[in-house]
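Here the structure comes first, spelled out in structure tokens, and everything after it is commentary.
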Amino acid sequence: MLIQYFSNFKYISNTIKSMKQYFIYIVASLAVLIGCTTPKPAEVVSPDGHIRLAFALDGNNRMTYQIQVNDTTFITPSLLGFQSKDGVNLSENFRMTGIDFDTKDEVWTQPWGENKELRNHYNEMAVHLSDTTATKLTLRFRVFDDGIGFRYEYEVPGVDSLLLTDELTSFNVAQDGTSWSIPANYETYELLYRTQPLSTIDNANTPMTFKTGNVYASIHEAALTDFPEMTLKNIGGCGFKSELAPWPDGIKARFASNSFKTPWRTIQFAPKAVGLINSALILNLNEPCALETTDWIRPMKYVGVWWGMHLGVESWVINDRHGATTANAKRYIDFAADNNIEAVMFEGWNEGWENWGGTQAFDYTKPYADFDMEEIAHYAKEKGIEIIGHHETGGNIFNYEKQLDKAYQWYADLGIHCVKTGYAGGLPDGYNHHGQFNVRHYRNVVKTAAKYHTTLDVHEPIKDTGIRRTYPNMMTREGARGMEWNAWSEGNPPEHHVMLPFTRLLGGPMDYTPGIFDILYERAKKNPSRKQWNMKDSKDCRINTTLAKQIANWVILYSPLQMAADMIENYEGHPAFRFFRDFEADCDWSEALAGEPGEFVVIARKAKDKYFLGAATNEYARDVTVNLDFLEKGKTYKATIYADAKDADWETNPTAYEISEKQVTADDTLTISMKRGGGQAVSFIPDNH
């Protein structure tokens, strides 16, 4: 055993570059041989040595951990464990029975994503504990160069089920700082972000992003598959405790067995804010792909019968304003075929919308009389266009699950292998959107869709925690205030779009549905059939950006299913729509180049041999200069720049834009000039393309 151990140790040490790292790893590894029988602090460090995590039992024999970043305490001793019903001990009087150390350094490939290749490099410490009743617990800590993750693995002999009533996990941040978050809410994430001192937060959903000292950080979770979501509750100062979304009877999580594993509790760290965006930690903490094949999974650009409904120009229900008609569907299919767009999505096509606000009972295989699904599917196939189907549940989970297999089989038989789902409305019987009941439902839908080689775009979802690594047919989801809020409320402020990459999108892709060109709804307001249907009349609403920023959002707000969300008549003949025609929804490489939460962001992406750049600012105008060294060396590119005009302003002149072209190489720099609420988008296409 010792020969095997030291053989492994020799291999590990060869991967550690600096003498400091080598010494730290020797100390940690010796704990395996001589320290695992004593309740002393156990430590594990990141591969580069700058993050150190320690586990210990405190004076009351409670489990705690703490974290140092750059030799400075970042998380002070913080409690671990759970509480349960029926006297099962999951938190107290544990003793350490052993510690295992491991390391992994691998590169894995995903079928789609911001980056096709990702490095998964961590050091792991598995702390094994037990109590006097023979309950066993493994606390598994993984420390990466960009953060940490830990999870609980419990075994409780002598019981056949477990009911969790509380989670004790806490995050005692050592120093106050600035935070960016939305309030905790078990029903919706569609809330505006707050910028405030960390210590003044009452509660927050995750990802909760913050900066203390010179370190940016974000608390979230990974691999949420059979557990309620975690939110954060302030327990004093800068201390936070996990709060779990409950079942109707108050139980937080229930298991019909004597063992369970939790999702990973995560903290990402970065010296610059953009480092959080560039991190793959959440994905790396999920299990590898569970699908036998992935060649059927296709990133796509799409348009759809959708925005006119939110403006009140069209309706979901069948009437004289019905949007999803056979004729309108063919019009959108023709537009997609003529503009290098792969897919079209239709909402309001099926019977059940007339029950909105009542039974919420939809039929997922019965189109309205004016929507001939078979004819439309045949027409789309002839044109080489995919159809994105739509399943709105209205929150009626039981009705949806009764039809689940039949609905996905019906779509598949029609050649439809991509579905947008929706869960607007309250769930029945006291369930909430983010509890374990609905997490299990979302997982069931993902698996069912995979059975029929169908990809998903989920609205009103459970938050993204990286399960797209395991089930890459889970392609994108909403999970924040999207475009539709601009149609019937005060809308999303200019800072919102430059807040999302540092918060919501740290979890994964978002179907924000960008790209509205009729910024002030001038065409919609002239439509005599338009009717108010929601909180605020759309005649009093608008998009709170410039046109150039709408274009830039196609790059910034990453989604492998990326929509040009406006009604197609607002794109026809518009010179700036050329960007979307050139754009690719899929990526090979991405990097956030510059930015600060809620202030501005600059992101570059590569797709095949083309590159795209998106930049946006908040309510303040600013210039940002970036190096173009991400371009391939030795090549010349034609940069087509879609910029705010000199007199552009999101409030007073939002549609003023300029298009220019220039030749650039990797040795050049680009100065990006953004007006108030504005942005800039650039396509880089090789000269020999």
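The values are calculated or read from the model by the stated rules, or taken from the named source; none is laboratory data. What you are looking at is a predicted structure, and each value in this text was computed from that prediction instead of being measured. For neighbour counting, all protein chains shown are included, and Cβ atoms are generated from backbone atoms with ideal geometry for every residue, glycine included. We work out accessible area using only protein heavy atoms, side chains counted, and drop any ligands, DNA or RNA first. Shrake-Rupley method; radii C 1.70, N 1.55, O 1.52, S 1.80 Å.
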Starting from region 407-433, take each residue that is touching a residue at least 60 places away in the same chain (Cβ under 8 Å) and list its partners that are open to solvent by 20 Å² or more (accessible area, probe 1.4 Å) and of a type in the set (Ser, Thr, Tyr), counting only C-beta distances under 8 angstrom and pairs at least six apart or across chains. 417/452; 432/186; 433/186; 433/188
Here is a list: 119, 151, 140. Which entry is without any contact (Cβ under 8 Å) to a residue 24 or more places away in the chain and in contact with a strand residue (DSSP E or B) (Cβ under 7 Å, 6 or more places away or on another chain)? 140
If residue 483 satisfies every condition in (1) buried (at least 24 other Cβ atoms within 10 Å of the Cβ); (2) among the hydrophobic types (A, V, I, L, M, F, W, C); (3) free of Cβ contacts under 8 Å to residues at least 60 places away in the same chain but one, which is the exception? (3)
Of the candidates 471, 442, the one satisfying the condition of being within 19 Å of the chain's Cα centre (by Cα), part of a helix (DSSP H, G or I), surrounded by 21 or more Cβ atoms within 10 Å (Cβ to Cβ) and at pLDDT 95 or above is 442
Could you tell me which numbered condition residue 261 fails, if it satisfies all but one of (1) basic (Lys, Arg); (2) open to solvent by less than 30 Å² (accessible area, probe 1.4 Å); (3) closer than 25 Å to residue 156 by Cα? (2)
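Which is open to solvent by 60 Å² or more (accessible area, probe 1.4 Å), within 25 Å of residue 543 (Cα to Cα) and not aromatic (Phe, Trp, Tyr), of 582, 629, 623? Give the steps one after another, and end with the answer.
Working: 582 fails: open to solvent by 60 Å² or more (accessible area, probe 1.4 Å); 629 fails: within 25 Å of residue 543 (Cα to Cα).
Testing whether each residue is open to solvent by 60 Å² or more (accessible area, probe 1.4 Å), within 25 Å of residue 543 (Cα to Cα) and not aromatic (Phe, Trp, Tyr) leaves just 623.
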Scan region 513-530 and tell me whether some residue there is open to solvent by 10 Å² or more (accessible area, probe 1.4 Å), among the aliphatic types (A, V, I, L, M) and outside any loop (DSSP other than H, G, I, E, B). no
List every residue pair whose Cβ atoms lie under 6 Å apart, where the two residues are 6 or more positions apart in sequence or sit on different chains, the first residue falls within region 235-264 and is farther than 21 Å from residue 433 by Cα, and the second residue, located anywhere, is among the small types (Gly, Ala, Ser) and in a loop (DSSP other than H, G, I, E, B). 256/161
Looking only at region 326-349, count how many residues are among the polar types (S, T, N, Q), in contact (Cβ under 8 Å) with a residue 40 or more places away in the chain and on the phi < 0 side of the Ramachandran plot. 2
Wholly within region 265-325, which helices (runs of 4 or more DSSP H) include no fewer than the required count, namely at least 1 residues that are in contact (Cβ under 8 Å) with a residue 60 or more places away in the chain, in contact with a helix residue (DSSP H, G or I) (Cβ under 8 Å, 6 or more places away or on another chain) and within 24 Å of residue 109 (Cα to Cα)? 273-277, 281-284
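Being modelled with pLDDT of 95 or more, outside any loop (DSSP other than H, G, I, E, B) and surrounded by fewer than 23 Cβ atoms within 10 Å (Cβ to Cβ): is that true of residue 187 here?
On the way: modelled with pLDDT of 95 or more: yes; outside any loop (DSSP other than H, G, I, E, B): no; surrounded by fewer than 23 Cβ atoms within 10 Å (Cβ to Cβ): yes.
For residue 187, the condition - modelled with pLDDT of 95 or more, outside any loop (DSSP other than H, G, I, E, B) and surrounded by fewer than 23 Cβ atoms within 10 Å (Cβ to Cβ) - is not met.
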Pairs, first aromatic (Phe, Trp, Tyr) in region 84-109, second exposed (fewer than 13 other Cβ atoms within 10 Å of the Cβ) and not in a loop (DSSP other than H, G, I, E, B), C-beta under 9 Å, six or more apart: 108/117
Check whether at least one residue in region 25-38 is assigned to a strand (DSSP E or B) and either crowded, with 18+ Cβ neighbours inside 10 Å or at pLDDT 95 or above (or both), and report yes or no. no
Step by step: first the residues of region 425-439, then only those that are open to solvent by less than 50 Å² (accessible area, probe 1.4 Å) and in a helix (DSSP H, G or I), then the one that is modelled with the lowest pLDDT. Which residue is that? 428
What number of residues within region 217-240 are assigned to a strand (DSSP E or B), open to solvent by 10 Å² or more (accessible area, probe 1.4 Å) and under 20 Å from residue 150 (Cα atoms)? 1
Please find, among 355, 319, 328, the residue that is more than 31 Å from the chain's Cα centre (by Cα) and modelled with pLDDT under 95. 355
Segments classed as strands (runs of 3 or more DSSP E), wholly inside region 566-661, with at least 1 members that are within 26 Å of residue 482 (Cα to Cα) and of a type in the set (Ser, Thr, Tyr): 589-596, 610-617, 637-644
Filter pass, residue 212 being under 23 Å from the mean Cα position of the chain (by Cα) and not hydrophobic (A, V, I, L, M, F, W, C): no
Can you tell me which residues in region 258-296 are of a type in the set (A, V, I, L, M) and touching a strand residue (DSSP E or B) at 6+ places or on another chain (Cβ under 6 Å)? 267, 270, 273, 274, 276, 277, 280, 281, 282, 285
Taking region 387-416 and keeping residues open to solvent by 10 Å² or more (accessible area, probe 1.4 Å) and either acidic (Asp, Glu) or assigned to a helix (DSSP H, G or I) (or both) leaves 392, 398, 399, 401, 402, 403, 405, 406, 409, 410, 412, 413
So for region 605-612 (the condition being over 26 Å from the mean Cα position of the chain (by Cα), open to solvent by 60 Å² or more (accessible area, probe 1.4 Å) and either over 25 Å from residue 559 (Cβ atoms) or free of Cβ contacts under 8 Å to residues at least 40 places away in the same chain (or both)), does at least one residue qualify? no
